[in-house]
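Only one structure is covered here, and it is reproduced in the block below.
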Amino acid sequence: MLTFSPQAIADLQRDLLAFLPELVLCAAIVLMLLIRLFPATGRTHLGGLALLAVGGALVVAWLQWTRSGSLPLPDTSVRYFTGLLAYDSLTVFLRLFLLGFVALAIVLTFFTHIPDSEDSGDFYVLLLGGTVGMMLMASANHLLMVYMAVEMASLPSYALVGFTKGRRASSEAALKYVVYGGGAAGVMLYGISLVAGRFGTGSLTDVAQGVGAALATGTLDVPLALGLAFIFIGLAFKLSAVPFHFWCPDVFEGAPAEIGAFLSVASKGAAMALAGRLVLAFAAVAPEQAALAFAPVLALFAAVTATFGNLAAYSQTNLKRLLAYSTIAHAGYMMMALACVNTEGMSAVLFYLVTYLFTNLGAFAVIALIRNRTGSEDLSAYAGLVYTAPGLVVAMGVFLLSLLGLPPLAGFAGKFVIFSAVYHAAADASRPWLAQIYWALFVIGGLNTVISAVYYVRALKVMVIDKPPEGVGDRRVPFAAGSYAAILAMLVFVLGIAWNMLSVASERGTASFPAPKATVAAKG
Amino acid sequence: MSPMTLTPYLWLGAFLFTCGVVCMATKRNAVGVLMGVELVLNGANINFLAFARFNPAFAMEGQVFALFTIVLAAAEAAIALAIVLSFYNNHGTVDVDAAEELRG
């Protein structure tokens, strides 16, 4: 008979406790699938149950964050499930971020009625399944888990994009997403096979050791470099970094606005966390070499992505498409912080993600609410909106100006934190040419903010100054839905003024990674 | 006959990968593109199994990698074919060039 040592059982217990938020979501998914089997309950709207599950997982994650009860959160990163996953403050920060976002998104679906009772089971199962995948992306510590998590986050997203089956645009967007996404995931897996085979293990810790040693001795051979490049192509696709962004505008235009918000906030957040974890894992082993190798590449991608996103957004007439390009640009800003290759940069990414959550969710919420009234997402459908729904225009103005980064809104705080991380990286750079790269990045970031003002303000101008089009219906939204947008707008405002708490939390989010300065000091 | 070494297997994996990428890039039929994706995944699988065969330390891990990849490939094919069917219902074709209404 198979017996387990007390140690193994204790380990399993610890691992399951660390994994509890994901387990809650998994249980809810199974429950939702079962409920639909019974004729009596088959057609009930399952949004309440989904919200309850996400709330429960959120409470567990919060207890982990505050180290309450028997859910300890160690100071250093702990590997669990035989090293497949990492349990540290970054894991839990991303859990709170993702669960918080999904809870707000589920509340939004109550107001926009995008899944009706008939389809609600499918919709929320896919939504929660994708969320579990994204939470795994944020905690993956093994290349197998990286691939599994990326696929687990992607597959439900493909289906959600095509959720409104009868719409031509929706099915086209889903086809483009699944074809490009499947291709990118395949390329990523091939890269993983090269890297894992080369080191004889998929564990990120060991792979980082191996790559760090190869970087330090200058023996990075072609298969290894190719493997790493393929892995980063897969990640760049999820991040919608130029030149792997082409799916993003089409998918956002074709998908329902609620799903657009999910892809632009949750999916980007998980991909950022995964990319950051990879970069910091390399930086922890060989900080100097990692900075020299990764910073120029990441900086180049960040600069091109932000600039392209902002320039392409300029000529858009569909508001969702405009926000898709704005999402690409914001991914560029976050990659600028990632290019610092240190914990300050990663903390800035975490901070930015939270400000971006409220801002972008709010913007997509307004789009969804107006779509329900007018059936259109074109900018022209918003002309003169201020005469019929002034409150909604004020809320949308707050969101757009926050995306632009105007003080005193949350977007300003986020940009400030990112630019200051880049500034510090420039001041601390170990080589003059590296410092110049960071200075260039700093200037490009500033210029991009100025360019982006043009299209955000133009969208506002259409709503406030243009005459309402002929024959447009009643565009007033229900009071409850309007107050949802108002609350998000207020949060954007509050976060832009009182961001000390978030700043402390985002610093704690990367506390389990060694601070680069300490490592350098120990060497010198 | 000399015993097989690792290199020929890796060449086979690379060949399958290249075929898959070419297939994804040139096929206009959506199902053809998906077959290209499958080729890429199987190229990676051959790598995993070859490494597992020739590196005892990677023996177990490599095979587990391959198993999970097979399962995920099946899941991805199921989703992708469902989406292709939905596209066919709306457009009456599975030609990816017909997916051109979203642009700008």
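The values are calculated or read from the model by the stated rules, or taken from the named source; none is laboratory data. Quick caveat, the model's predicted, so the values are computed rather than measured. With ideal geometry, Cβ positions are generated from the backbone for all residues, glycine too; neighbour counts draw on all protein chains shown. Side chains are part of the model used for accessible areas, which takes the heavy atoms of the whole protein and leaves out ligands, DNA and RNA. Shrake-Rupley method; radii C 1.70, N 1.55, O 1.52, S 1.80 Å.
A few notes on this one:
- Complete set of residues in segment A:51-102 that are closer than 19 Å to A:Ala275 by Cα and assigned to a loop (DSSP other than H, G, I, E, B): A:Ser77, A:Gly83, A:Leu84, A:Asp88
- Leading residue by the ranking (farthest from A:Glu172 (Cα to Cα)) among those in segment B:28-52 that are more than 10 Å from every other protein chain (Cβ to nearest Cβ) and without any contact (Cβ under 8 Å) to a residue 24 or more places away in the chain: B:Met35
- Residues located in segment B:76-97, provided they are over 21 Å from B:Met24 (Cβ atoms) and either more than 7 Å from chain A (Cβ to nearest Cβ) or of a type in the set (Ser, Thr, Tyr) (or both): B:Asn89, B:Gly92
- With respect to the conditions (1) crowded, with 20+ Cβ neighbours inside 10 Å; (2) modelled with pLDDT under 90; (3) small (Gly, Ala, Ser), A:Ala61 falls short on a single one, namely (2).
- Here A:Ala485 qualifies as under 26 Å from the mean Cα position of the chain (by Cα), at pLDDT 90 or above and open to solvent by less than 30 Å² (accessible area, probe 1.4 Å).
- Per-region count, segment A:208-255, residues away from chain B (no Cβ under 12 Å) and assigned to a helix (DSSP H, G or I): 20
- Output for segment A:282-338, where each listed residue is of a type in the set (Val, Ile, Thr) and open to solvent by 10 Å² or more (accessible area, probe 1.4 Å): A:Val285, A:Val297, A:Val304, A:Thr307, A:Thr317
- Unique residue being under 26 Å from A:Ile9 (Cα atoms), assigned to a helix (DSSP H, G or I), open to solvent by 10 Å² or more (accessible area, probe 1.4 Å) and within 14 Å of chain B (Cβ to nearest Cβ) when the list is A:Leu155, A:Leu136, A:Leu126: A:Leu136
- Flag for B:Glu100 being among the charged types (D, E, K, R), part of a helix (DSSP H, G or I) and at the interface with another protein chain (Cβ under 9 Å from one of its Cβ atoms): no
- Residue within segment A:164-179 that is under 19 Å from B:Gly36 (Cβ atoms) and open to solvent by 10 Å² or more (accessible area, probe 1.4 Å) present: yes
- Residue within segment A:65-78 that is in contact with a Lys or Arg (Cβ under 9 Å, 6 or more places away or on another chain), of a type in the set (Phe, Trp, Tyr) and within 19 Å of A:Met135 (Cα to Cα) present: yes
- Residue selected from segment B:8-27 under the condition out of contact with any Leu (no Cβ under 7 Å at 6 or more places or on another chain) and more than 11 Å from every other protein chain (Cβ to nearest Cβ), by the criterion farthest from B:Gln63 (Cα to Cα): B:Thr26
- Of all residues in segment B:57-75 being open to solvent by 70 Å² or more (accessible area, probe 1.4 Å) and more than 9 Å from every other protein chain (Cβ to nearest Cβ), the one that is nearest to B:Gly20 (Cα to Cα): B:Ile70
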